[in-house]
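Just so it is clear, none of the values below were taken in a lab; they were calculated from the coordinates. Since this is a predicted model, take the numbers as computed values, not measurements. When we count neighbours, we look across all protein chains shown, and the Cβ atoms used for this are built from the backbone with ideal geometry, even at glycine.
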Amino acid sequence: MKLVKILTACLVIAIAIAAKFPEKRKFNPVVIGYVTGYNGLVDPNKISAEKLTHINYAFVNIKNNQAFLDNAKRDSINFVRLNSLREKNPSLQLLISIGGWSWSENFSNAVLTDSLRKVFAKSAVAIIRKHQLDGVDIDWEYPGMPGEQGNVYRPQDKENYTLMFAELRKELDQLEKETGHKKLLTTATGGFPYFLQNTNMAEAAKFLDYINLMTYDYYSDKKAKHHTNLYHSNAYSPDNSADNAVKAYLNAGVPAAKLVVGIAFYGRNFKLKANSLKGLGDTIASSANSYGKGYTFLKDSLVNKNGFAAYRDEEAKAPFLFNITSKEFISYDDEWSVAHKCQYVLQNQLAGVMFWEYGADEKEYLLNQIVKSFK
């Protein structure tokens, strides 16, 4: 009897300790890579499927208010090739990504009414049904606000954005019943708080599996700034950052478990004024554009080479290059900044990371760092 009492007391103590220190949610972070098809045929031998959880195929266009394969022959071949990657990674999920910067102009019209949304949703799901894919990713840049010059946008986008996801979810649920396999619905969103003023992300999130924050392209045409920084920099007044975006989305009611942090596999370069001496925070002379062939090119050809010195902004957890002779400034992600982003995901129990885009880092320097950080 005495032994029973002792064991009972020990059990009570153990339960009390467990209640005081609850086990954190166990999860495997997602690694979502955007793979482009608009440049031609995909080479599956150049994709390490075992290092990814998802591939978002970019992009599917919108024509006559429907999801539309701009080059059906090319895209169909690419879908077959992407499906072959399941031999290396049977759990790999393949999604079509609709829109993007250049093809978002018709979203507003395509989802303007109930009947239009139904047609649009059916057309999107028809593509993944035909090609045996796993889901739909929406990259609308941007609802209720300008994106590329000439894009259609209107105040009604805010409500229609959520209604679009609701309709897509209905069609995907039907496909789930047909196939017996889970079908995903995700979206790429602006990695800045202003995006939240033109959407109702808390409601939209109810229909979504993942929300991919485009936490890059934070550049301006005035001052040389980081374009994909994790935190604010002390080198210039507070501006956009991945941390700022995540906090804004959380405050808007989006679950942490659905938030995916974006990583840039490419750099942004600026020509600075002749009197520039430090790079970061100096005045820009000409506008930004993508530099070279992405991070593989930057690392192999420019990092501490050819007149470029590499620097690290410890506060922002962001690197940059500056050539004091040519006055060129380049902002980018490297292994160091990617490691910090992955650590941030783990610490905040976010869903994972995504990156744009696979082909920009041919030697997979950054993808290897992601795998290492999450291991």
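So what's the net charge close to Ala205: Lys and Arg +1, Asp and Glu -1, counting the other residues with Cβ under 13 Å from its Cβ? Don't skip to the end; give the middle numbers.
Details: positive: Arg169, Lys206, Lys258; negative: Glu203, Asp209.
Computed value for this residue: +1.
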Quiz item: For the stretch 90-240, what is one quarter of the convex hull surface built on the Cα atoms, given in nm²?
Solution: 10.4 nm²
Quiz prompt | Of all DSSP beta bridges in the chain, antiparallel share, percent nearest 5 | solution = 35 percent
Practice problem: Over the stretch 65-171, calculate the relative contact order: mean separation of alpha carbon pairs under 8 Å at least 6 apart, over the residue count, as a percent. | Solution: 33 percent
Quiz item: Once amide H atoms are built 1.01 Å from N in the peptide plane, which residues 5 or more positions from Gly262, or in another chain, come under 5 Å H to H?
Solution: Leu213, Thr215, Met354
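Rounded to the nearest 0.05, what FRET efficiency do Trp336 and Lys363 give with R0 = 22 Å and r taken as the Cβ-Cβ distance? Could you check?
Values: r = 17 Å, r/R0 = 0.76.
With R0 = 22 Å, the Cβ-Cβ based efficiency is 0.85.
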Exercise. Can you give me the P(r) profile for the stretch 68-131? Cα pairs, bins 5 angstrom wide beginning at 0, each as a whole percent.
Key: 3, 14, 22, 22, 18, 12, 6, 3, 0
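Once you keep just the Cα pairs under 8 angstrom separated by 6 or more residues, what percentage relative contact order results for the chain?
On the way: 768 pairs, mean separation 55.2, N = 375.
Taking the mean separation of contacting Cα pairs over the length of the chain, I get 15 percent.
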Practice problem: Please give the contour-minus-distance gain from Ser301 to Thr113: 0.36 nm per residue of separation, less the Cα-Cα distance, rounded to one decimal in nm. | Solution: 62.6 nm
Quiz item: Of the trypsin sites (Lys or Arg not before Pro) in the stretch 194-238, which ones lie in a loop per DSSP and count no more than 14 other C-beta atoms within 10 Å?
Solution: Lys222
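Residues with beta-carbon under 10 Å from that of Ala49, excluding Ala49: net charge, scoring Lys, Arg +1 and Asp, Glu -1? Kindly include the intermediate steps, with their values, before the conclusion.
Working: positive: Lys51, Arg86, Lys88; negative: Glu50, Glu87.
The answer is +1.
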Exercise. Compare the Cα positions of Gln149, Pro29, Phe165 along the charge dipole of the chain (+1 at Cβ of Lys, Arg; -1 at Cβ of Asp, Glu; about the Cα centre) and return the one farthest towards the positive end.
Key: Pro29
Exercise. For Val30, list long-range residues whose amide hydrogen, built 1.01 Å from N in the peptide plane, is under 5 Å from its own amide hydrogen.
Key: Gly352, Val353
Quiz item: Taking the highest mean first, how do the peptides 95-103, 177-185 order by number of other beta carbon atoms within 10 angstrom per residue?
Solution: 95-103, 177-185
Quiz item: Can you flag which of Lys170/Lys293; Lys177/Lys375; Lys130/Lys258 are past 31 Å Cα-Cα?
Solution: Lys170/Lys293; Lys177/Lys375
Practice problem: Once you have all Cα-Cα distances for the stretch 232-285, histogram them in 10 Å bins from zero and send the whole-percent values. | Solution: 19, 35, 29, 14, 3
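Taking 0.36 nm per residue of separation and subtracting the Cα-Cα distance, what length does fully extending Asn28 through Lys372 add?
Details: separation 344, 0.36 × 344 = 123.84 nm, distance 1.32 nm.
Result: 122.5 nm gained on full extension.
Scanning the chain for helices, which whole DSSP H stretches are 15 Å or more long along the axis (Cα) and average 1.0 or more by Kyte-Doolittle?
In the chain, the long hydrophobic H runs are 2-20.
For Ser48 and Ala202 in one chain, what is 0.36 nm times their gap in residues minus the Cα-Cα distance, to one decimal in nm?
Fully extending the segment from Ser48 to Ala202 adds 52.0 nm.
Could you calculate the FRET efficiency of Asn251 with Thr179 from 1/(1 + (r/R0)^6), where r is the beta carbon distance between them and R0 is 45 Å, rounded to 0.05? Mind showing how you got there, number by number?
On the way: r = 37 Å, r/R0 = 0.82.
The calculated FRET efficiency here is 0.75.
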